[in-house]
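Working notes, structure below.
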Amino acid sequence: MSLLELQNVTQRFGGLVAVDDVSATIAQGGVTAVIGPNGAGKTTLFNAISGFRTPSAGRVVFGGVDITGMAPERIAAIGLVRTFQLVQLFGELTAMENVKVGCHLHTRGDLLAAILRSPATRRSERQVEDDARKLLDFVGLTDVADVAASSLPYGQQRLLEIARALAAQPKLLLLDEPAAGLNSGETARLSATIREIAARGTTVLLIEHDMKLVMSTADRVIVLDFGRKIAEGTPDEVRDNPAVIAAYLGMPEGAA
Amino acid sequence: MTKSPTITFPDMTRRGLGALPWIAAAGVLAYAFFVGGYLTTVMSFALIYVVFVTGLNVFMGYAGQVSFGHNAFAALSGYTSAYLTTSHGFAPLPAFGAGLALALSCALIVGYPTLRLKGHYLAMATLAIGLIVYEVAVEWTSVTQGYMGISGIPPIGIAGYEITSERGQLAFLTVIVALATLVSWRIRESRFGRALSAVAGSEDAARALGISASRYKLSAFLASAAFAALAGSLFVHVVGFVSPEVYGLHMVVLAFTMLYVGGIGTIAGPFVGAVIISLLPEMFRQFKDYQDLAYGAALILLLIYAPRGLSTISSLFRRAAAKKAVVS
Amino acid sequence: MDLSYLPQIALSGIGIGCIYGLIGIGFCVIYNASGIVNFAQGAFVMLGGMITHTMLHRYGVPMIASAAIAIAAVSLAGIVIERVVVRPLWNRNATMFVMILATLAAQIVIERSTLIVAGDQPRTLPAFTDLPPMMLGGLAVSYQFLWIVAASLATVAALALFFKTTLVGKAMRACAINREAAALQGIPVSRMLALSFALSAALGAIAGILITPTQYTAFNVGVPFAINGFIAAIVGGFGRPLGAFVGGIMLGLAQAIAIVVFGAGFKNVAALSVLLLFLFVRPSGIFGSAK
């Protein structure tokens, strides 16, 4: 069953066509990677899917619901949560608090609940604390739970952002270049984490430059070039695709 | 919980230091209560400002927004209280209810379009809201008596019992401030407060996690307007008089100075800042003319040299500890 | 309501509008060079009038020399604010809000210092040309009005020439378009910041000197002028100096009409409502897209 469907999605900025008539179907389960040279329109496509930009044309359907042009918070509420290419943590909050913010969607209570602080609210707070701790544990950040997010090294910030997104219990997790800025050890660890996320039932769609990560992590690969989809298939199929090789000509040896 | 001793030890120091400003400010309050006289009056003013600044802190410190116009909500509620009690024989509590309702309705109407603005547009729009209310207070003489002001406003009272003594008022205001601070603390330590911090940290990231930035900004705006309205009404009953100058631009600058002295975004900040800033000019009574000058200069110096305020000096320890923990 | 007043009222609206326009340009000059909105702009207007008055009446300096001294002194004050208040915050990458708050505090410091030094008595300057108004078909045109319009237009023209032809002016424009790129081109961006404050302060002083003979000046006239100048800049599309000037004239006219319709008391409410309307509905100003 398809979880996410892109139907002729196009995004123009003035005369520039950043995403050009892209259609694709992401099935429930597994890891799908979107790859392509710089400026191929990957992040623009992510913005169109997650509601941060309304596509100029085409439709985005998620879980049978047309989410084209819907506000990001409403899209998140029906189970599509993203991370950002440039990590966007709440820098002044601790790692723990960041993950707790991620629990927002599946908890209740606003100003009045905060002031009254009923037993039910307290119970829910304890639950949030537990959930957040488990997630920090899952990405290996338990030791830095009480450290301000902005003081964490970059690799840990990336992992924290993923933990925070998972706290929202998404059906589909969009990761925008999760390995950017990580060393090879951290990348290998990230790859294992992403596989584990998929194994626990969350579908993952990721943008990545690191081909080693893509080849070892993704079940399917979609290739964009100049805003168009030029290939789609398993990592092996895509690697041998002449159009993909042509698009990546000029890339360093071994990158594709 | 934490394994690293580099966190736990300074953490204790931090707790101790964090309580210091509380203890000092509470000490002054207790002293004022027992000594009585002029200091009691000064502290009453300080406590009213604590309520106002606590509201600003929710909107600016927690939610990371900007408002130069919260004096408008204090003025709306204060004038409603003054007008209804003097001209229509209302008791203070129902008059305050009406004032709060008016202030919140106005906050709701102007809040929605205003909070869509960012940066200096937001700053200017809120400043304009404060100035409009001020101008109306000056010009709408049939209700506000213009610059003359409204006098003879009855003191705070509940169910026929009026609090007329200065000590009684101070005690009453202490209870209000304790409640306001409790509310501020509970907001901070809640799902609602976390959502506000998220909006302050990154609106995009907050929205990607399902937090409606516009809704939470509006909620914080309304909550802080309610604090402002409460402070505005308390003022007229404590002083017994109101004029447009009470809620002028200087109210905003004074409140910002308090917020920055105490520490923006902290729970103790409004209390500590308001007490310090209210006491300072009294210690230098002979320099009365220099008060506003001193506030302005102090604010500039604080912004440059201690942007996070006095009560956050302890958090420097936390930051140092956090860095050490990461390095080790 | 007597509409026969309208042309006369409109005329005075254009006069005050030129003043708002000059102040509005002052906002734009600093904003373009640095992205900072200087809320101490009104202090320059107040100081311009006050210093001229002091020179003229206490030291007996001739009017033109008094004005020149005032403009120079206020420019210096602009540089002092930049050095003492803005620069330390700028170096620390302070947030926009902190910058606004600091400049607003600077406004209050200047205002209160003036109160202490000069007292709270309003002062006025003599009209530059002491002749009865000209009558043009039932319309009384005062010489001060002509001075205001002529001097404002001359200032705007000189400013335009400065930005178009001189190297420094071009460098400032480059900063306005892209600060990083300008810095890479070897333009001393930080010196441009100081210069923009001096220039902006001079504009404020000129506005203050021109308007004082028709009204009065006192330690506390700054904030209302600053707000009207800001509204002019918003109406003109923030960061466009010419737009700000036109915006100022439109605001002056709108206020003049509001006085006829609602009475003098509500002219500030009218101006502030115009501001809110623009911010809510058309924040980019009347001339299209925002910068």
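Quick notes on this one:
- Extreme residue, nearest to the chain's Cα centre (by Cα), among residues of segment A:24-49 that are part of a helix (DSSP H, G or I) and closer than 12 Å to A:Val9 by Cβ: A:Phe46
- Within the span defined as segment B:136-152, one or more residues are surrounded by 21 or more Cβ atoms within 10 Å (Cβ to Cβ) and of a type outside the set (Val, Ile, Thr).
- The residue that is nearest to the other protein chains (Cβ to nearest Cβ), counting only those in segment A:113-129 that are of a type in the set (Gly, Ala, Ser) and part of a helix (DSSP H, G or I), is A:Ala114.
- None of A:Ala198, A:Ala165 is within 14 Å of chain B (Cβ to nearest Cβ) and touching a strand residue (DSSP E or B) at 6+ places or on another chain (Cβ under 8 Å) except A:Ala165.
- Candidates A:Phe52, A:Phe62: the one that is among the aromatic types (Phe, Trp, Tyr) and either touching an Asp or Glu at 6+ places or on another chain (Cβ under 7 Å) or within 9 Å of chain B (Cβ to nearest Cβ) (or both) is A:Phe52.
- None of A:Arg158, A:Arg164 is under 29 Å from A:Ile26 (Cβ atoms), touching a helix residue (DSSP H, G or I) at 6+ places or on another chain (Cβ under 8 Å) and at pLDDT 95 or above except A:Arg164.
- The condition (being at pLDDT 95 or above and surrounded by 19 or more Cβ atoms within 10 Å (Cβ to Cβ)) is satisfied by just one residue among B:Gly232, B:Gly262, B:Gly273: B:Gly232.
- Test: B:Leu182 is within 10 Å of chain A (Cβ to nearest Cβ) and in a helix (DSSP H, G or I): yes
- Only a single item in (1) at positive phi; (2) touching a His at 6+ places or on another chain (Cβ under 6 Å) is not met by C:Val37, and it is number (1).
- Segment A:133-162 residues that are over 20 Å from A:Ser184 (Cα atoms) and within 11 Å of chain B (Cβ to nearest Cβ), paired with ones that are among the acidic types (Asp, Glu) and part of a loop (DSSP other than H, G, I, E, B) (beta carbon under 9 Å, 6 or more apart): A:Ala148/A:Glu92; A:Ala149/A:Glu92; A:Ser150/A:Glu92
- Number of positions in segment C:111-155 that are more than 14 Å from chain B (Cβ to nearest Cβ) and either charged (D, E, K, R) or not in a helix (DSSP H, G or I) (or both): 22
- Condition check for C:Gly263: of a type outside the set (Ser, Thr, Tyr), on the phi > 0 side of the Ramachandran plot and either within 12 Å of the chain's Cα centre (by Cα) or within 14 Å of chain B (Cβ to nearest Cβ) (or both): yes
- Out of C:Leu242, C:Leu279, one residue alone is modelled with pLDDT under 90, in a helix (DSSP H, G or I) and under 14 Å from the mean Cα position of the chain (by Cα). It is C:Leu242.
- Residue in segment B:194-202 that is in a helix (DSSP H, G or I), under 16 Å from the mean Cα position of the chain (by Cα) and touching a residue at least 12 places away in the same chain (Cβ under 8 Å) present: no
Quick grid of which residues meet (1) over 15 Å from C:Leu272 (Cβ atoms); (2) more than 13 Å from the chain's Cα centre (by Cα); (3) part of a helix (DSSP H, G or I); (4) touching a residue at least 24 places away in the same chain (Cβ under 8 Å):
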| site | (1), (2), (3), (4) |
| --- | --- |
| C:Ser196 | yes, yes, yes, yes |
| C:Leu199 | yes, no, yes, yes |
| C:Gly204 | yes, no, yes, yes |
| C:Phe219 | yes, yes, no, yes |
| C:Val223 | no, no, yes, yes |
| C:Gln255 | no, yes, yes, yes |
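- Checking the stated criteria, B:Leu218 turns out not to satisfy the condition of being crowded, with 22+ Cβ neighbours inside 10 Å, more than 9 Å from chain A (Cβ to nearest Cβ), out of contact with any strand residue (DSSP E or B) (no Cβ under 9 Å at 6 or more places or on another chain) and part of a helix (DSSP H, G or I).
- Among the residues of segment A:189-207, those identified as farther than 11 Å from A:Leu173 by Cα and surrounded by fewer than 21 Cβ atoms within 10 Å (Cβ to Cβ) are A:Arg189, A:Ala192, A:Thr193, A:Arg195, A:Glu196, A:Ala199, A:Arg200.
- In the set (1) modelled with pLDDT of 95 or more; (2) away from chain A (no Cβ under 12 Å), the condition left unmet by B:Leu249 is number (1).
- Test set (1) part of a loop (DSSP other than H, G, I, E, B); (2) at the interface with chain B (Cβ under 7 Å from one of its Cβ atoms) - A:Leu86 fails condition number: (2)
- Qualifying residue in segment A:46-54 (condition: touching a Ser or Thr at 6+ places or on another chain (Cβ under 8 Å) and of a type outside the set (Gly, Ala, Ser)): yes
- Considering only residues in segment A:90-112 that are more than 7 Å from chain B (Cβ to nearest Cβ) and aliphatic (A, V, I, L, M), the one that is surrounded by the fewest Cβ atoms within 10 Å (Cβ to Cβ) turns out to be A:Leu112.
Table: residues versus (1) in contact with a Leu (Cβ under 6 Å, 6 or more places away or on another chain); (2) hydroxyl-bearing (Ser, Thr, Tyr); (3) surrounded by 17 or more Cβ atoms within 10 Å (Cβ to Cβ).
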position: A:Ser118; (1), (2), (3): no, yes, no
position: A:Thr121; (1), (2), (3): no, yes, yes
position: A:Arg126; (1), (2), (3): no, no, no
position: A:Leu135; (1), (2), (3): yes, no, yes
position: A:Ala149; (1), (2), (3): yes, no, yes
position: A:Tyr154; (1), (2), (3): no, yes, no
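- Test: residue in segment A:27-45 that is closer than 21 Å to A:Arg239 by Cβ, of a type in the set (D, E, K, R) and either surrounded by fewer than 16 Cβ atoms within 10 Å (Cβ to Cβ) or touching a residue at least 40 places away in the same chain (Cβ under 8 Å) (or both): yes
- Segment A:133-166: number of residues that are aliphatic (A, V, I, L, M) and over 13 Å from the mean Cα position of the chain (by Cα): 10
- Residues of segment C:30-62 that are of a type in the set (Gly, Ala, Ser), crowded, with 24+ Cβ neighbours inside 10 Å and assigned to a helix (DSSP H, G or I): C:Ala33, C:Gly42, C:Ala43, C:Gly48, C:Gly49.
- Test: residue in segment B:106-118 that is within 12 Å of another protein chain (Cβ to nearest Cβ), in a helix (DSSP H, G or I) and within 19 Å of the chain's Cα centre (by Cα): yes
- Flag for B:Ala255 being modelled with pLDDT of 90 or more, under 19 Å from the mean Cα position of the chain (by Cα), within 12 Å of another protein chain (Cβ to nearest Cβ) and crowded, with 24+ Cβ neighbours inside 10 Å: yes
The values are calculated or read from the model by the stated rules, or taken from the named source; none is laboratory data. Worth saying up front: this structure is predicted, and the values here are computed from it rather than measured. Here Cβ is always computed from backbone atoms with ideal geometry, including for glycine, and neighbour counts include all displayed protein chains.
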